[in-house]
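Everything on this sheet refers to the single structure shown next.
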């Protein structure tokens, strides 16, 4: 099921008994859960009829107990089971017990399982959801979708902003809706009574996402701009970013650029290249990788992708401080 179809169900109130939600866009997922809750459960009785089970420690017995509980002063009851990992391993005893439970969901119940990280190779484990309910994947929204969403948010507060400036905001913050919403709230506070949001306002207020900073680091490396590289690294250090994460992100980005180059972006379409990534990358992200890969040779990318783990090993063995390792790696990357 696509999200637009879920929206139709929510709007009409014709909701199913069983859902499996998964994907990277947790903010949107949570918004849909809230919308379903508002549609099914009266606010005055939500404490009695809405339950959220969270975490790996949740067992089949915990789920059964909540599924079998009857509504209190309401026609419906709603249970959300988050990030248990049960459907990632069909060999688990809990998996078999929960599957038996899903065969006979009470009419008065809306049961939603959610997972942030779900291996696409395990989709066979979701057959019961496809049989008795719906599976909905929450991918990151495209820049165009995010732009429309942000425009509506600002308009609802009487603020106007150019489309190009919203694109700048998305470029700086990344695609994560939660991050964008936080930055949107910061911008509202900054604007006060002003009604016009400008690019200067955005650049003065919003915080760059780590992914955006890494992208800019790689761009600066491609152009041989050492100052740009170390300015971004200094900013991430000041922001308290984990140097091990930065090392990993740089290495990952280089390996992605290598993959795009080896696949032959001049022979394959963006959509076709996107299929080689797990999880599948949006077409516009592949486009950015293609553009960035043009600044490097295949030989360089192979060599430098292998260098990252060498620095990581030096850190783990105590030979290098984490930040020193990142800076040394960056210096070596600049020797194109």
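The values are calculated or read from the model by the stated rules, or taken from the named source; none is laboratory data. What you see is a predicted model; the values in this text were computed from it and never measured. Please note: Cβ atoms are built from the backbone with ideal geometry, for glycine as well, and neighbour counts cover all protein chains shown.
Could you tell me whether the stretch 131-147 includes any residue that is farther than 16 Å from residue 285 by Cβ, in a helix (DSSP H, G or I) and more than 23 Å from the chain's Cα centre (by Cα)? Looking for residues that are farther than 16 Å from residue 285 by Cβ, in a helix (DSSP H, G or I) and more than 23 Å from the chain's Cα centre (by Cα), one finds at least one in the stretch 131-147, hence yes. Inclusion of residue 325 among residues that are crowded, with 16+ Cβ neighbours inside 10 Å, within 29 Å of residue 25 (Cα to Cα) and not assigned by TED's automatic domain parsing to the domain that holds residue 25 is not warranted.
Quick grid of which residues meet (1) more than 24 Å from residue 120 (Cβ to Cβ); (2) in contact (Cβ under 8 Å) with a residue 24 or more places away in the chain; (3) touching a helix residue (DSSP H, G or I) at 6+ places or on another chain (Cβ under 7 Å):
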site	(1), (2), (3)
228	yes, no, yes
232	yes, no, yes
238	yes, no, no
257	no, yes, yes
270	no, no, yes
287	no, no, yes
290	no, yes, yes
316	yes, no, no
329	yes, yes, yes
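None of 231, 201 is outside the structural domain of residue 252 (by TED's automatic domain parsing) and over 23 Å from the mean Cα position of the chain (by Cα) except 201.
Looking only at the stretch 154-164, residues that are in a helix (DSSP H, G or I) and crowded, with 17+ Cβ neighbours inside 10 Å come to 1 in all. Residues of the stretch 11-35 that are touching a residue at least 40 places away in the same chain (Cβ under 8 Å) and over 20 Å from residue 87 (Cβ atoms): 15, 27, 28. For the stretch 87-104, which residues satisfy the criterion of being within 27 Å of residue 74 (Cβ to Cβ) and buried (at least 18 other Cβ atoms within 10 Å of the Cβ)? Of everything in the stretch 87-104, those that are within 27 Å of residue 74 (Cβ to Cβ) and buried (at least 18 other Cβ atoms within 10 Å of the Cβ) turn out to be 98, 102.
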